[in-house]
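Encoded as C-alpha cells, the structure appears first; notes follow it.
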Protein chains: 2
Amino acid sequence: MKEIEMFLENKKVRPTAMRILIYKYMAEKEIAVALTDIENAFTKADRTTLYRTLKTFEENGIVHQIDDGTGISKYALCEKGCNCEIEQDLHLHFHCSNCNETVCLTEHKIPHINLPEGYLAADVNLVVKGICEKCGGQ
Amino acid sequence: MKEIEMFLENKKVRPTAMRILIYKYMAEKEIAVALTDIENAFTKADRTTLYRTLKTFEENGIVHQIDDGTGISKYALCEKGCNCEIEQDLHLHFHCSNCNETVCLTEHKIPHINLPEGYLAADVNLVVKGICEKCGGQ
DNA sequence: CAATAAATGCACTTCCATTGCATCATATAA
DNA sequence: TTATATGATGCAATGGAAGTGCATTTATTG
C-alpha cells in the first residue's frame, strides 16, 4: 500500500485513496481493463472520477491506453518492460475473441515497419486477434 | 458503370443505383472513408442505407473495415492486392495525424508475428500513425 | 486557521453504431 | 401481366462510450 503511494508520488500524481485503489485493482488484473470494468468494480465512485484518473495516469506514464479493435478503450499498467514513451519499445497486444480479454505481450516487440517514401511514423499499434492461451483448450 | 454493375453481381450483391454510386465514390477516393464521409457526399440518402450498404459490401468481400485508432470505422475497397480473406496477405494502414486521412498501404504486408505458446492468431491489425507524404512538407 | 489548488461528483452533451419496423422496389412464379 | 415474396430503403429511436462545465469537497501550503 505504501509502495503504491510512493510510486504515484514519484510519478507526480497525488496519491489519493481512489487512485491507490484503482492502481491496486489494475495491478491485480493481468489483463487490460476498460473504464466500464473499473466502474463495475467501484460502484461507489463516479464514472468521471475514474475516467479522469485513467487520463491522469496516462499523462504521467503510469498506464497506457490500448485500442484493441473492440471500439472500447482499454488501459494497462506500464510495468514489466513497457517503455511506451520510447518508440522502438512498443509491444503488441492480443485480443481473444472468445473471452474478450486483451493482454499486453510486453516481451513481443513490434518489428520495424518500412513505409513508403515521404511517410513519417510517430506511433505504431499492432493488435493480434485470435484465441488466447486460456481459451485454447476449448 | 456497367463494369461496376457486373462486379457487384459477381460478388452476389444486387447492383442497386445507390450501391453503384457508393462503390463509385469509394473507387474515386484514394483513402479510406468513414460512414459520415459517405453521408456528406450523398445527403439525399439515409444514413441507415449507407450503413447497411457498407455492411453488405463488407460481408461480400467488396470492402474491408479499418480500425485506424480514431474510434471511427473506416472502409476501403478490397482492390489492388488486398486479399483480406487470406491471413498472410494482410496489409497495413497509415493514419495521418495532420490531415486525418487513412490510407491502405497495400504493398506493405504485415510481417510475421511470433506469439507465446498457446496463442492462436486469427487476424492482425497494424496501424502506423504519423505524417503522410502529402503533409510531409509542412 | 485562512487561502489556494486540486480532486471528486453530478448533470449534461455529443458522436457514432446499431436495430425495429414500415414502406417501397424489384425479381420470380403463376 | 399480375400476384407474391424477397430484398432494399427510409424513419425513428436506442444504446454505449467519450468527453465537458460547473459546483462541491478535500487536501496542501503559507
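The values are calculated or read from the model by the stated rules, or taken from the named source; none is laboratory data. Treat the numbers as computed from the prediction; the structure is a model and nothing was measured. Here Cβ is always computed from backbone atoms with ideal geometry, including for glycine, and neighbour counts include all displayed protein chains. When the accessible area is computed, the model is the full protein with side chains, heavy atoms only, and any ligands, DNA or RNA have been set aside. Shrake-Rupley method; radii C 1.70, N 1.55, O 1.52, S 1.80 Å.
Quick notes
- Checking each residue in segment A:26-36 for being under 20 Å from A:Thr106 (Cβ atoms) and either at pLDDT below 95 or open to solvent by 20 Å² or more (accessible area, probe 1.4 Å) (or both) picks out A:Ala27, A:Glu28, A:Lys29, A:Glu30, A:Ile31.
- Of all residues in segment A:94-138 being over 25 Å from B:Ile131 (Cα atoms) and of a type in the set (S, T, N, Q), the one that is nearest to the other protein chains (Cβ to nearest Cβ): A:Ser97
- Among the residues here, B:Asn40 qualifies as within 27 Å of B:Gly130 (Cα to Cα) and either within 14 Å of another protein chain (Cβ to nearest Cβ) or more than 9 Å from DNA strand C (Cβ to nearest atom) (or both).
- Any hit, segment A:72-85, residues being loosely packed, with under 15 Cβ neighbours inside 10 Å and in a helix (DSSP H, G or I): no
- Hits in segment A:43-71 - residues which are within 12 Å of DNA strand C (Cβ to nearest atom), more than 14 Å from chain B (Cβ to nearest Cβ), surrounded by 14 or more Cβ atoms within 10 Å (Cβ to Cβ) and of a type in the set (Val, Ile, Thr): A:Thr49, A:Thr53, A:Thr56
- The set of residues in segment A:14-57 that are closer than 24 Å to B:Val127 by Cα and near DNA strand D (Cβ under 10 Å from one of its atoms) comprises A:Ala34, A:Leu35, A:Leu54, A:Lys55.
- Cβ-Cβ under 8 Å pairs, at least 6 apart or on other chains, segment A:1-26 side under 16 Å from A:Val63 (Cβ atoms), far side among the acidic types (Asp, Glu): A:Pro15/A:Glu5; A:Pro15/A:Glu9; A:Ile20/A:Glu5
- Scanning segment B:105-120 finds no residues that are basic (Lys, Arg), in a strand (DSSP E or B) and modelled with pLDDT of 95 or more.
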